[in-house]
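Below you'll find the structure, written out as structure tokens, and then a few comments.
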Amino acid sequence: MIRNAARLLAAIVLLGAWGLASGRGPHLPLLAEARAGAADPLQGTPDLSRLPIFNQVVMRVRDNYFDPTRIDPQQMLVDALDYVEKQIPEVMVDGDVRSGEVKVTVGEGTASFSIADVDTIFKMSLRLSQIMAFVQKHLHPDHDEEALQNIEYALVNGMLSSLDPHSVLLKPEYFREMKLSTKGEFGGLGFIIQMREGELTVVRVLKGTEDNPTPAYKAGIRPKDKILKIEDESTVNMDVSEAAARLRGKPGTYVRITLHREGWPEPREMRLPRAKIEIESVISRLLEDDVGYIRIKNFQGNTARALQAALKDLRKRAKGELRGLVLDLRGNPGGLLDQAIQVSDTFLDGGTIVSTVGMNNQLKEVKKATDQGNRLLEKDLPLAVLVNGSSASASEIVAGALKNLDRAVVIGRPTFGKGSVQVLYDLPDQSALKLTIAQYLTAGEVSIQETGITPDIELIASRVEKEAVNVFAPVRTMREVDLERHLANPADILPIGQSGDTATARKEDPAEKPLVSLRYLRDELPADDLAEEDASDDPDPGEEFFEDFQIRFARGLLAAAPHSKRSQILAQMGAYVDRRAAEEERRLEKAIRDLGVDWSPGQKVARKPELEVRFEPLPTQTVTAGEKVELKVTVTNKGQVPVHRLRAWTDCESNPYLDRREFLLGHLPPGATRTWVTPVELPSSLSPRRDPIVLRLEDASDTEYEPFFTELDITGLPRPRFAYTWQVVEKGGPGVGLPRPGQKLELRVDVQNVGRGPSSETTFASIKNKGNEKIFIEKGRWKVGELAPGAGAQAVFEIHLKEGYQEETMPLQLVVYDEKLEEVTVEELKIPVLHEPAALAPLNQRVRAKEAVLLRSAPHEAAPRVAEVPAGSVLEASGRMGSWIKVKWGSGRFGFAEASRFDPTRDRVAAEGVRFAPGRVPPEIVFATDGSSGGIASLGERFSLSGTVTGPDLRDVYVFVNDQKVFFGKSKDGERLEFSAEFPLKEGLNHVVVVARDGHGLTSRRMLSVLRRNPEVARRLPAPASPAP
């Protein structure tokens, strides 16, 4: 039996269909939660050989994982080390299960470990303990406690990745957010916030109810208000999640915020009480024909209760005559299983809603519908359920129960297909293990694992515009079956027809087709998506209601076939569906004709047409990232029979910007030629690549045409590279370039583009507080703008270091980034802080440099350099501090150098040769084959990439190919490293990333892609030719 089985269905936890980021690929909905006893967080510096979290996870896997046959200790060990290799640059791991050993290299240290005898998970844990002791011994000393803890997390997630895509370790911060979302309510103020241009901005205010308005609504807070402070802490560039956490708290407690609104002469401080804010998981509207609409966004602690309230409200608005209900589960990633059961039970009066199959195929839990509820309303209400490919887990349970128990017609697209149950275990460091402990069966013992739920009526959105057509190409989606190491459908492995405690299952037929498939012309405007940084003290920002085609279709269906049984609705829907299908077909045809395409259907012909196809740009031509490229398809009918409704679409798995691009060609009589152009705007950030494209053709007669193979050769833009230096300027202080508590400061950052290409106009610099609330950032974002190679600009940030600051350094994160080109430089600054009085002795004389001198931003050797002074230059000295003097070197600029490097002089100032010297210069990576002429193609199974990396204080270089590390090397002289990496190529596009680090933690990266051609495809590529006249 599964431990804590009684709790399995009692408390179920939400993780979205794409999950919370935890260092692994997409994480899918979580269904169940069981709680182990909480322990105190681990204390002290982690000892990687002890692996306390890893070993607790191992015990849970041994005792509770639903399919022991998937536990492969050797593979788990290899996968665990694979994740560590990705986490730590200096770690390289060679070997696999077949070789029986792994060779681990950490910097200069190398050791081999046998894994041939690892036949239990306990031996795996012991061997990993030995390996991690070796790893920690040879690690670079810059790995602090947090870094070591993250290494253990990586080890755990690597091990779990060998089991299935859903078993994962949640870091403490993600686990906290997940618990908050699951509960469905929290203490907060009732508004939604977003970071806009470095300012924390209110984007929506929640009203609450008439009797209980939210604190924000009562206080008159409005959208676009700027939150400058939370308590006494600046919000400039604060993480939105951090801001939301500071705004939340126990209901009844107070929080001070400082707001600024356009038109106010000065900011205003407000002291607001926190109140209980319910996360909105259910929204409802009364539609035409007295049909109700309810959307369930996810299943959280208050969802069933909110559903009942929504139904009561709809009944009231319809004056007791509610004629049907559209239940919208589109985009619902799942959530609490008990809530999904209660929601299903609201509309059912009997039958099994869901059952779970655990270890050894034992049937663990069966949940049946009850006859509770209002039979005159919920149990007999005509019902339609909307679903799509993002409806997963708990939402599939609801849709499956209502469909299979003959209660509701299902409309939309096939669902995600996740049919497994995960349980949560608290761990001592506040992280949590999410482990698969069962699979579930929907009503009728049907498993939707891998397959999803097939809708009764499939609705496919289409768009017909000159710039883009989306009608005929099949939609590319990511579903359960596409995930690596996804679970098998239990119907494929369970015994059939047995009784007792052994589960039986039948599989949702993957070949099942909807009863009706209807294509419609999307005429609505999609809702604006909130930015990824959105967050609030309300974790779900919600959205405005819009009655789109699918809602209108479902409403009309229920009005036309007002029955409480699915079978009755299906039996009576024919006339309505046929009418709507004909309407949409006419709309689509008209939209295509309006683009000038002859879309006449014609007659089906017996002979196969002969078509000559041309795709431009040709494989021999090169396009550039950032360009608007015209994809042109030209087709000539070389045969004797006409072609009708000819269309084509691209299949390009490697590049979403080139995938599913459609071309409408229409009617081609014999000898006719038609051309269609589709514009595509390539992102400026694309690296050199050659994308393989398959052009697929279709016509009204369903002719099977041979696919047309081509390639698009893309060259990357020359990249900028941001060098910089920084300097502290005290306002009213002694002018020593160092901060003191109680001072207002300017942090001046001089940025220079030392790369080979210009930066874009979307280049910015920003700083972020990495210390405590005594560091108050007043201005933390600066637009640098476009910089040509060699050009520079200065960003000026304003900081108030408040009285009482006691730390030895002022930690700030400095970021210089080009949004469009995705070029980023980041450094964690630790600026020394003066706590003792410091005086700069006045000095008024000119000095001559005895030799070339580096000026620094402050009077100490660790300060970054700001300028280079040639020998013989004469500068004006304005002060002295110990052995250092302060000199002027430009308009309003100063620097410090050792006094012994200069001689006093009466000569005039001669500073013409003094030039800016960046204190930080990211490494430069140059490939022997740099891709400036386009992408690289090869027929071989292996490829060798070489290059040179240079830069001051160069530390090391490492290379990833398709997410696998293939090279690591350390610079011996700290200035240069020549690398060469040979690696296997998979068929198709191979993505290469080269990363170089320096001693300050600055990194540079260069990317390119290598196409390994299929020989047969290469033979069929179009031969070079001149463009058509």
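With the condition kept exactly as written, say whether any residue in segment 864-884 is under 21 Å from residue 791 (Cβ atoms), out of contact with any helix residue (DSSP H, G or I) (no Cβ under 7 Å at 6 or more places or on another chain), of a type in the set (Val, Ile, Thr) and in contact (Cβ under 8 Å) with a residue 12 or more places away in the chain.
yes
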Qualifying residues in segment 459-490 (those that are more than 29 Å from the chain's Cα centre (by Cα) and surrounded by fewer than 20 Cβ atoms within 10 Å (Cβ to Cβ)) - the one modelled with the highest pLDDT: 465
Subset of segment 809-867 (residues that are closer than 28 Å to residue 778 by Cβ, among the polar types (S, T, N, Q) and either outside the structural domain of residue 768 (by TED's automatic domain parsing) or not in a strand (DSSP E or B) (or both)): 857
Selected residue (only one of 771, 785, 757 is surrounded by fewer than 20 Cβ atoms within 10 Å (Cβ to Cβ) and modelled with pLDDT under 95): 771
Positions within segment 792-806 being surrounded by 15 or more Cβ atoms within 10 Å (Cβ to Cβ) and more than 14 Å from residue 765 (Cα to Cα), in sequence order: 799, 800, 801, 802, 805
Residues that are assigned to a strand (DSSP E or B), within 13 Å of residue 348 (Cβ to Cβ) and at pLDDT below 95, drawn from segment 364-402: 367, 368
Residue match in segment 258-269 (condition: crowded, with 19+ Cβ neighbours inside 10 Å, in contact (Cβ under 8 Å) with a residue 12 or more places away in the chain, assigned by TED's automatic domain parsing to the domain that holds residue 200 and in contact with a Phe, Trp or Tyr (Cβ under 7 Å, 6 or more places away or on another chain)): no
Complete set of residues in segment 722-754 that are part of a loop (DSSP other than H, G, I, E, B) and crowded, with 23+ Cβ neighbours inside 10 Å: 737, 738, 739
Some residue of segment 472-480 being in contact (Cβ under 8 Å) with a residue 60 or more places away in the chain and in contact with a helix residue (DSSP H, G or I) (Cβ under 9 Å, 6 or more places away or on another chain): no
Residue match in segment 403-415 (condition: modelled with pLDDT of 95 or more, closer than 30 Å to residue 171 by Cα and not assigned by TED's automatic domain parsing to the domain that holds residue 57): yes
Residues of segment 279-306 classified as more than 20 Å from residue 381 (Cβ to Cβ) and surrounded by fewer than 20 Cβ atoms within 10 Å (Cβ to Cβ), total: 2
Flag for residue 186 being in contact (Cβ under 8 Å) with a residue 24 or more places away in the chain, within 23 Å of residue 302 (Cα to Cα) and part of a strand (DSSP E or B): yes
Complete set of residues in segment 878-893 that are among the hydrophobic types (A, V, I, L, M, F, W, C), at pLDDT below 95 and out of contact with any Gly (no Cβ under 7 Å at 6 or more places or on another chain): 881
Evaluation of residue 989 against (1) touching a residue at least 60 places away in the same chain (Cβ under 8 Å); (2) more than 24 Å from residue 755 (Cα to Cα); (3) in a loop (DSSP other than H, G, I, E, B) (one fails), failing number: (3)
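What number of residues within segment 421-441 satisfy the criterion of being of a type in the set (Gly, Ala, Ser), under 23 Å from the mean Cα position of the chain (by Cα) and under 19 Å from residue 66 (Cα atoms)? Don't jump to the end; show me each part of the working.
Pass one, segment 421-441, residues of a type in the set (Gly, Ala, Ser): 431-432, 438.
Add one more test, that the residue is under 23 Å from the mean Cα position of the chain (by Cα), and what stays is 431-432.
Checking the rest, the ones that are also under 19 Å from residue 66 (Cα atoms) come to 432.
Residues that pass the stated criteria total 1.
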Residue in segment 906-924 that is farthest from residue 997 (Cα to Cα), counting only those that are in contact (Cβ under 8 Å) with a residue 60 or more places away in the chain and assigned to a strand (DSSP E or B): 916
Residues of segment 135-148 satisfying the condition of being surrounded by fewer than 19 Cβ atoms within 10 Å (Cβ to Cβ) and assigned to a helix (DSSP H, G or I): 136, 137, 138, 145, 146, 147, 148
Single residue of segment 47-77 satisfying the filter (of a type in the set (Asp, Glu) and at pLDDT below 95) that is nearest to residue 433 (Cα to Cα): 63
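Let's see how each residue does on (1) assigned to a loop (DSSP other than H, G, I, E, B); (2) farther than 26 Å from residue 104 by Cα:
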residue	(1), (2)
926	no, yes
934	yes, yes
969	no, no
981	no, no
997	no, no
1019	no, yes
Residue 583 modelled with pLDDT of 95 or more, within 40 Å of the chain's Cα centre (by Cα) and not in a loop (DSSP other than H, G, I, E, B): yes
Check on residue 313, of a type in the set (D, E, K, R), touching a Ser or Thr at 6+ places or on another chain (Cβ under 7 Å) and either surrounded by fewer than 17 Cβ atoms within 10 Å (Cβ to Cβ) or modelled with pLDDT under 95 (or both): yes
Checking residue 605 against (1) in the same structural domain as residue 699 (by TED's automatic domain parsing); (2) surrounded by 15 or more Cβ atoms within 10 Å (Cβ to Cβ), the condition it does not meet: (1)
Which listed residue is under 25 Å from residue 1003 (Cβ atoms) and of a type in the set (A, V, I, L, M), from 843, 821, 834, 855: 821
Any hit, segment 892-909, residues being under 26 Å from residue 815 (Cα atoms), of a type in the set (Phe, Trp, Tyr) and not assigned by TED's automatic domain parsing to the domain that holds residue 621: yes
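The values are calculated or read from the model by the stated rules, or taken from the named source; none is laboratory data. For clarity, every value in this text was computed on a predicted model and none was experimentally measured. Positions of Cβ are backbone-derived with ideal geometry, glycine not excepted, and every protein chain shown enters the neighbour counts.
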